[in-house]
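Rule-based calculations on the coordinates, nothing more; no lab input. Quick caveat, the model's predicted, so the values are computed rather than measured. Neighbour counts run over all protein chains shown; Cβ positions are idealised from the backbone, glycine included.
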Amino acid sequence: MSILSLRDVNKAYTNHKAVDNVSFEMPKGCIFGMLGPNGAGKTSLIRIITCITRADSGTIYFDGEILNERHPEMIGYMPEERGLYKKMKVGEHLIYLAVLKGMPVQTAKKEIAVWMEKFDIDSWYNKKIEELSKGMQQKIQFISTVVHKPKLLILDEPFSGLDPINANLIKDEISNLNNEGISVIFSTHRMEQVEEICDEMVLINKGKNVLSGKVAEIKDRFKENKFEISYSGNIPGGLIDQETLLESKPGKLMASASSLGEMNQILAHLIQNGVVITKFEEILPSINEIFIKTVTASGEAVKID
Amino acid sequence: MDKLWIIIKREYLTRVKRKAFILATFLTPLFFGIFFVVITIIFAYQSDDVRKIVIQDPGEVMGNAMADSKSLYFTFSDETLEELKVRYNKEEFDGILVIPPVKDLQSKKMKVQYLSDKQLDPESNSALESELEKKLRKYKIRALGFDQEKLASLDVSITIDPDQINKKDGAEDEKTFTSLTTAVAAAMGGLMGVIMYLMVFINGSMVMRSVMEEKMSRIVEVMISSVKPFQLMLGKIIGVGAVGLTQFLIWAILIPLIALIVSLFMGIDSSPQMMPPGATGAEELMDSGLNPGLLIAEIQRMNWWLILPMFIVFFLGGFFIYSSLFAAVGSAIGDDMGEGQALTIPITIPVILAFYIMIVAIRAPNSSLAVWASIFPLFSPIVMPARLAFNPPAWQIILSAGLLILSVFFFVWLSGRIYRIGILMYGKKASFKEIGKWLFSKG
């Protein structure tokens, strides 16, 4: 079951095509990485999903229904460019945003109290936004995004401008919310964050979906069957084929094989010949490498089913 | 609709609860009241520099009598100039007025010498001159042998007494116009026009600033992920407008009240002195035998059942048109305030033009300029209220109001289209060409 499903979505601005025939499925309950360099069209795509703008063509399904005006209430969106009304008090600001998302005032108050306690900031309730530091404001922004219990959370570069402590706090909350069944779209240009957090991903470049699927599967698909073996002692010469051996350093070697099975044979061969293995690891490509490879190789969409 | 209401409420309450708003709303009338009274005192202030003047009048032109004024005391003397100068130096008096005998009764000029080391202040100087002119006139009337009463009968004051030819049924005996009607209508019309002008400008720029703040603080993207840009814009326009109205109503009650209280408290005689010397309209009315009662009767006679509702219609119309345009401009300006000022010019020009047309319309309410300007929707909110007091034909009011209402929908829609694109545009300089493109781009 998909929380979000895009079919041939297009969006053009006067000067360029921001979203070019994008289709992908986002399974319910996953953390979904939306990747791409700056200006690739991620924000345009998000604005279409949040109903801020409309697609020129294509269909979008939200939780099985065609995307409509009621859906924004079920979405929590934290834009990359964040902001709050500076003159408003923290409490009334959070209530305002929650009520605009369709939450009754009383429920909103209760939820806000829970969140403020969780972040240990209950004492800020009557402070004005402008009195808070940037990091404090980010916390308020995050609460305002999740307080109305959205089904889908869209976070555009959520860690930009956050110090490591707050970034971890938010990261933990994202995974807590995800454990409660909330689907999360995580948009970023920092590829390494996706590997760390996301289950699924879509790679956007120049408005196009160039790659989408499960992160693990994508990595598996792009792997080159490289292995790293750490050992102690010496490896007698000629024990490994020159074709197999990629790199050799004292105590460490890198080898390639056509499959895991073949590699196991090599490993067995080494052990039989008295080599003491301390570590054996398959080397998977980073998302960054996959991105560069995909984009430079063809520019066409690669589908992983 | 529900969300629109929430937005209106926030826009209204956050502004009204602000300290600056409360201070401005309640201190301004107080300030005005005190200012008004101080001005009154200043204008009521007369020269307290008392001077004793000796008049030497060998030809007896003045007839040996000259009434003292508050600051000038006169005595006549037959002593020679030399003797008077000696007494002057003993500081027995402040000046010597030497009136020469009249040699030529036909002469239209006469010089009277004032001898002193200190000059007369301008007020005493002109008072003295006009007093001397009156005396000389009397002298000449006598010397030329004219009949005083016959001459007096030449001065006649004329007032035009208007009345309507085709009166409403049942009102044949009632007088529908008086000479005061046009004066009162002009005053009312001018007042309404000025109020409209101020409200449009003050509210419009408030809306614009608020839109810009929202865009610059980047809250706007969060907002429009919950509500439609159009709802946000409309909510802001209505909320800010309600703030303006609140302030206006409080002022409309407090300013006259405080002025009254302060003037009573300070024991100042009210109406005639309250006016600075320039505003002589009311004084003239009083002088010509009209009393405030007639004035009030005239104001009561005006067709308030038409004027007030229409004023509200035109007020709301003008308010929505201009506030939405200001909102659109605010959304397009973005980060660079100075650069964006050029975008406000096309909006401010019609407002200022309308204001000047309004001034002309008060003097000639049925001129073709006034009639067409009061129908044209960008001008009518300011010009039509000024004409309402002059009983314009019904078709003009209906046409004007109808066009205005249609224009409200058009301009709010137009501004909404600019707004929804403008608020999401960052770092781009918005030219008119660019804004034109936004109008036709899809959502």
### Query
Top mean-square fluctuation among A:ASP156, A:ASP120, A:ASP220, Gaussian network model of chain A, C-alpha springs under 10 Å?
A:ASP120
### Message
Compute the angle between helix A:90-100 and the longest alpha-carbon principal axis of chain A, please, reported from 0 to 90 degrees and rounded to the nearest 10.
### Response
90 degrees
### Task
Please list B:368-375, A:245-252 highest first by mean number of surrounding beta-carbon atoms within 10 Å per residue.
B:368-375, A:245-252
#### Entry: Per-selection metrics, the stretch A:2-214 (Cα): Rg and Dmax in Å
17.0, 48
### Task
Partner chain Cβ atoms within 10 Å, averaged over the residues of A:81-88 - can you pull that number for me?
6
### Task
Any of B:LYS70/B:LYS134; B:LYS228/B:LYS437; A:LYS101/B:LYS17; A:LYS42/A:LYS127; A:LYS149/B:LYS228; B:LYS3/B:LYS433 with alpha carbons more than 28 Å apart? Name them for me.
A:LYS42/A:LYS127; B:LYS3/B:LYS433
#### Entry: Protection-proxy order for peptides A:49-55, B:310-316, A:7-13, each taking the mean of Cβ atoms within 10 Å per residue, highest first
A:49-55, B:310-316, A:7-13
### Query
How many partner chain Cβ atoms sit within 10 Å of a residue's Cβ in peptide A:93-106, on average, as a whole number?
3
### Task
Find, to one decimal place in angstroms, the Kirkwood hydrodynamic radius of the stretch B:51-152, where the mean of 1/r is taken over every pair of different Cα atoms and then inverted.
14.6 Å
### Summary
Tilt, helix A:105-118 to longest principal axis of chain A (alpha-carbon atoms), in degrees rounded to tens, equals 40 degrees
### Message
Which of the three applies to the stretch A:224-283, rounded, prolate or oblate, going by the alpha-carbon gyration tensor with a ≥ b ≥ c and a/c under 1.5 meaning rounded?
### Response
rounded
### Task
Kindly express, to the nearest 10 degrees and within the range 0 to 90, the angle between helix A:260-272's C-alpha long axis and the longest C-alpha principal axis of chain A.
50 degrees
### Task
Work out the mean other chain Cβ neighbour count within 10 Å for the residues of B:211-224 and drop it here as an integer.
6
### Query
Do the sum for chain A: with -39,500 (n - 2.57) for every DSSP H run of n ≥ 4, divided by all residues, what is the mean residue ellipticity at 222 nm, to the nearest 500 deg cm²/dmol?
-10000 deg cm²/dmol
### Query
How far is the Cα center of the stretch A:212-279 from the Cα center of the stretch A:88-113, in Å?
57 Å
### Query
Could you give the radius of gyration (one decimal) and Dmax (whole number) of the Cα atoms in the stretch A:126-242, in Å?
20.9, 75
### Task
Find how much the distance from B:SER217 to B:ILE141 grows on full extension, using 0.36 nm per residue of separation minus their present alpha carbon separation; answer in nm with one decimal.
19.2 nm
#### Entry: Anchor A:LYS151: aspartates and glutamates whose Cα lies under 12 Å away (excluding residues fewer than 8 positions away in-chain)
A:ASP63, A:GLU73, A:GLU180
### Message
For a protection proxy built on the mean count of beta-carbon atoms within 10 angstrom, sort B:415-425, A:176-186 highest first, please.
### Response
B:415-425, A:176-186
## Note on the structure
Percent relative contact order for the stretch B:51-152, counting Cα pairs under 8 Å at least six residues apart, stands at 30 percent
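Using a cut-off of 10 Å between beta-carbons, work out the net charge of the residues near A:ALA98 (Lys and Arg +1, Asp and Glu -1, A:ALA98 not included).
Here the charged neighbours net out to +2.
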### Task
Give the shape of the stretch B:55-107 as rounded, prolate or oblate, defined through the alpha-carbon gyration tensor: a ≥ b ≥ c are the square roots of its eigenvalues, a/c under 1.5 means rounded, and otherwise the shape is prolate if a/b is larger than b/c and oblate if not.
oblate
### Summary
The ratio Rg/Rh over the Cα atoms of the protein assembly as shown, Rh being the Kirkwood inverse mean 1/r radius, stands at 1.25
### Query
Comparing A:LYS206, A:LYS118, A:LYS89, which has the greatest mean-square fluctuation in the GNM of chain A with Cα pairs linked when under 10 Å apart?
A:LYS118
